[in-house]
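Just below is one structure, and these are the notes that go with it.
Since every read-out is calculated from the coordinates, none of them should be taken as a lab result. These numbers come from a predicted model, not from an experiment.
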């Protein structure tokens, strides 16, 4: 799935910090794992976008 975001630098950095720092607390281990993986993928994509925008 491709998602396009139009974020300013401050918003992007804030979203990245939240994605990297969030630790879900839920009883369903599978759901917790899915959310953790999704946030990691989001953070990776944000970091990649930051690197590309600095070229």
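Counted residue by residue at 0.36 nm each, then reduced by the alpha carbon distance between them, the extension gain from residue 8 to residue 26 reaches 3.3 nm. Between 0 and 90 degrees, the angle of helix 29-53 with respect to the longest Cα principal axis of the chain falls at about 10 degrees.
In the elastic network of the chain, a GNM with C-alpha springs shorter than 10 Å, the most mobile of 38, 29, 19 is 29.
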